[in-house]
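Structure, as structure tokens:
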Amino acid sequence: MRTLILTLFATIVATSSAFSITLEEIMAKNVAARGGDKLKAVQTFVIDGRMSMAQGMELKMTQTVKRPNKIRMDMTVQGMSIIQAFDGTTGWAVNPMSGGVPEKLSEAEGKNLKDRANIDGMLASAIASGHKVELIGLEDLDGASAYKIKVTDTDNDVSYVFIDATTWLETQVRTKTTMMGQEADVEIVFTSYQEVGGVQFPMEIEMRADGETFMTISYSNPKINVDVPDSRFAFPASGSAPSQPKTKKN
């Protein structure tokens, strides 16, 4: 009986604590955990990665992100080079399987890239963009407690961001996306955070569709405030790809 009472008491306290914190407090803790003012000082972020697909295919990649809303991914697979980029307004790609000519992406594909083109994290980016953000409550994720936050963007697309209740870092994002012409429930899991210049970045990402892992990304060699011109993200008028970025010399 004593054990039962203590268990019920602990449950009541935990439930009460889940709703005693405000969204603004979670946001502040998340920004502080990521690096605070040092995070805000990061203007560009360049990182190498290895992407492993469920079918056994592996890609090497370099991902370059620049404020505001610019991203470019240079990928190599079986000796072929693939580019996906978003210049802040338009998404475009170069795919050797489609002739190797730069082509503009659909609005939906461009939006998916734009969602990845943020340095602050999805929660901070959503608030800065004026999206509707709601605290749902506390949820168990693989044995760890995380705050579930609903994000509704200007197109009424809904995503859920999970903030770890201990580390205050983003641990997962759940959303819906179109894959192979079909809508799927996607989970993006962030792990293995590493400090780079006083800022925390996830070095491992697992992507699941309808509960099944279809992609993992392992990152390495992260660099911040690399000198990257805006032209690197722009749609190539001549069909050629801009050169690689150069690291600033101190």
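Below are the figures for this structure:
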quantity	calculated
Members of the range 145-174 found to be open to solvent by 40 Å² or more (accessible area, probe 1.4 Å) and on the phi < 0 side of the Ramachandran plot, listed by number	S145, K148, K150, T154, D155, D157, V158, Y160, T166, T167, R174
Matching strands (runs of 3 or more DSSP E) fully within the range 63-132 where at least 1 residues are among the hydroxyl-bearing types (S, T, Y)	70-77, 80-86
Answer from A32, A54 - the residue that is under 17 Å from F201 (Cα atoms) and touching a Phe, Trp or Tyr at 6+ places or on another chain (Cβ under 8 Å)	A32
Leading residue by the ranking (modelled with the lowest pLDDT) among those in the range 197-225 that are hydrophobic (A, V, I, L, M, F, W, C) and in contact with a Phe, Trp or Tyr (Cβ under 8 Å, 6 or more places away or on another chain)	M207
Sole exception among (1) within 30 Å of A237 (Cβ to Cβ); (2) open to solvent by 30 Å² or more (accessible area, probe 1.4 Å) for I119, by number	(2)
Enumeration of residues in the range 84-101 that are closer than 18 Å to D115 by Cβ and not small (G, A, S)	Q84, F86, D87, T89, T90, W92
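Per-residue answers, yes or no, for (1) in contact with a Gly (Cβ under 9 Å, 6 or more places away or on another chain); (2) hydroxyl-bearing (S, T, Y):
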{"site": "K104", "(1), (2)": "yes, no"}
{"site": "E109", "(1), (2)": "yes, no"}
{"site": "N118", "(1), (2)": "no, no"}
{"site": "M122", "(1), (2)": "no, no"}
{"site": "S192", "(1), (2)": "no, yes"}
{"site": "G197", "(1), (2)": "yes, no"}
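The values are calculated or read from the model by the stated rules, or taken from the named source; none is laboratory data. Every value quoted in this text rests on a predicted model; they were computed, and no experiment measured them. Note: ideal-geometry Cβ built from the backbone for every residue, glycine included; neighbour counts use all protein chains shown. Accessible surface is based on the protein model in full, side chains and every heavy atom, while ligands, DNA and RNA are left aside. Shrake-Rupley method; radii C 1.70, N 1.55, O 1.52, S 1.80 Å.
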